[in-house]
Amino acid sequence: MKSPAPVDSRRRQSAVRTVSIFGATGSVGTSVADVILQRRGEFEVDVVTARSRVEELAAVARRLGARLAVIDDPSRLDALREALAGSGIEAAAGSAAMIEAASRPVDLVVAAVVGAAGLAPALAAVEAGIDVALANKECLVCAGELFMARAEAAGIRILPVDSEHNAIFQALEAENAQAVETITLTASGGPFRSWPEEAMRRATIADALKHPRWSMGPKITIDSATMMNKGLEVIEAHHLFAVESARLDVLVHPQSVVHGFITYCDGSILAQLGAADMRIPIAHCLGWPSRGAVATPRLDLAAVGSLTFEKPDLQRFPALSLARYALESGSWATNILNAANEVAVDSFLGGEIAFLDIASIVAESLDAAAGSLGGSAIASIDAALVMDAEGRRIAREAIGHRLRIRVG
Ligand code: NDP
Ligand code: MG
């Protein structure tokens, strides 16, 4: 296991920290804005971005007093300018503007875009030498080796926002990195934790979007229902902490109180506990290495009463095994796993395929890609994105095939 880099003295000294938020209109982005507004005076916001929701982007830009708002969809630029009129906030649009915005000199870029679409701006921030608070786990599933190698070369910090990884980051003793035996990520088990397979077969979109513990964007909520989210997180942990698959465990913990823990070689276990509220790990990353006061729900353990843990059911949640298979197969496989999963989740949310089809489409896509792409390395962002596009094409073909069989 890799030992964490020493704390950069600049981070300790600067009074006001400048932050850019990519994916500012989303679930994580909104929580980031909330923490910043609670700690006004400590942070200045430079850039906020979104894909297409102009009104929400302009509103968050005004609330935070941002300098620049960037919308991914170029056809929305005039609407963004109109929504920002009189505010003095600059507007820009399109993917080149997004990369340029990610390279502006700030203390921290928060990467909270959903999906592989967030890879290019996050990597641009890394290459500009900026620390990244990473929520966008798909970046690491799509191109983790490349991403971490570039971060190391640039000498920057990746601060994990994802609650389980943030828990591990907090429990990790820098001087004892070599004494880590295993890392355990907990999972709520999602809405179908206790559903029989037969019922899961008929699960509706509304059933799958009803997460028992966390309020999140639609894509990660479906990933939690299939438990692909935990699979993506195993891959994320592998890259963040340089730990191999065999030493990364998953434990279902329906109360979502213990977010993750490290077992050290002397038998001690260090865990992080907290309410299921993303503002807690976000505040930790924004202030790191210091802690600042944030009004979040406090955990009342007497009210929780008991904590339970169980092994995941790999039969009903095959996505978890698929992710582990991909991790053990190499970068090409995790890239395809992510691309196929993004397409399959979209297709499920669009009403085309059934819930259990999501994991099947991912499995078929990995199988289909193995022949042509198996063993390929990912040495550049272009290579990562070309492979991602191919994964999406293969997954769409698998879905098309399934729909044709159904019609026929
Ligand atoms: P949301 O869907 O709520 O928000 C996504 C954000 O990204 C929005 O601002 C959206 O803009 C923007 N966006 C979406 N697609 C693109 C694109 N193609 N190009 C540019 N911007 C885009 O997602 P979440 O906040 O739930 O999740 C964000 C990331 O954080 C994911 O990787 C997720 O796995 C991870 N994460 C989320 C947690 C949570 O509690 N939500 C917990 C842990 C990790 P617009 O509003 O215009 O669509
Ligand atoms: Mg998580």
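The values are calculated or read from the model by the stated rules, or taken from the named source; none is laboratory data. Not measured: the values here are computed from a predicted model. Here the Cβ positions follow ideal geometry from the backbone for every residue, glycine too, while neighbour counts run over all protein chains shown.
Taking the listed residues SER215, SER224, SER188, SER163, the one that is within 11 Å of ligand 1 (Cβ to nearest atom), in contact with a His (Cβ under 8 Å, 6 or more places away or on another chain) and in contact (Cβ under 8 Å) with a residue 60 or more places away in the chain is SER163, with no other qualifying. Just wondering, is there one or more residues in region 57-76 that are crowded, with 17+ Cβ neighbours inside 10 Å, within 16 Å of ligand 2 (Cβ to nearest atom) and at pLDDT 95 or above? Scanning region 57-76 turns up no residue that is crowded, with 17+ Cβ neighbours inside 10 Å, within 16 Å of ligand 2 (Cβ to nearest atom) and at pLDDT 95 or above.
Look at (1) farther than 28 Å from VAL126 by Cβ; (2) crowded, with 20+ Cβ neighbours inside 10 Å; (3) not polar (S, T, N, Q) and you find that GLY391 fails only one, number (1). Looking across region 227-256, the residues that are away from ligand 1 (no atom under 15 Å from the Cβ) and either in contact with a strand residue (DSSP E or B) (Cβ under 6 Å, 6 or more places away or on another chain) or farther than 15 Å from ALA323 by Cα (or both) come down to PHE241, ALA242, VAL243, ARG247, LEU248, ASP249, VAL250, LEU251, VAL252, HIS253, PRO254, GLN255.
Residues being among the hydroxyl-bearing types (Ser, Thr, Tyr), within 19 Å of ALA133 (Cα to Cα) and within 20 Å of the chain's Cα centre (by Cα) are represented in region 47-68 by at least one member. Among all residues of region 136-147, there is none that is in a loop (DSSP other than H, G, I, E, B), more than 9 Å from ligand 1 (Cβ to nearest atom) and more than 12 Å from the chain's Cα centre (by Cα). Hey, any hits in region 20-35 for a residue that's of a type outside the set (S, T, N, Q) and more than 14 Å from ligand 1 (Cβ to nearest atom)? No, that holds for no residue. Does LEU185 count as within 22 Å of the chain's Cα centre (by Cα), in the same structural domain as SER27 (by TED's automatic domain parsing), closer than 20 Å to LEU270 by Cα and of a type outside the set (Lys, Arg)? Here the answer is no, as LEU185 does not meet what is asked. Within region 307-329, does at least one residue satisfy the condition of being of a type in the set (D, E, K, R) and closer than 25 Å to GLY144 by Cβ? Among the residues of region 307-329, at least one is of a type in the set (D, E, K, R) and closer than 25 Å to GLY144 by Cβ, which makes the answer yes.
Within region 163-174, can one find any residue that is aliphatic (A, V, I, L, M) and touching an Asp or Glu at 6+ places or on another chain (Cβ under 7 Å)? Looking through region 163-174, none of the residues is aliphatic (A, V, I, L, M) and touching an Asp or Glu at 6+ places or on another chain (Cβ under 7 Å).
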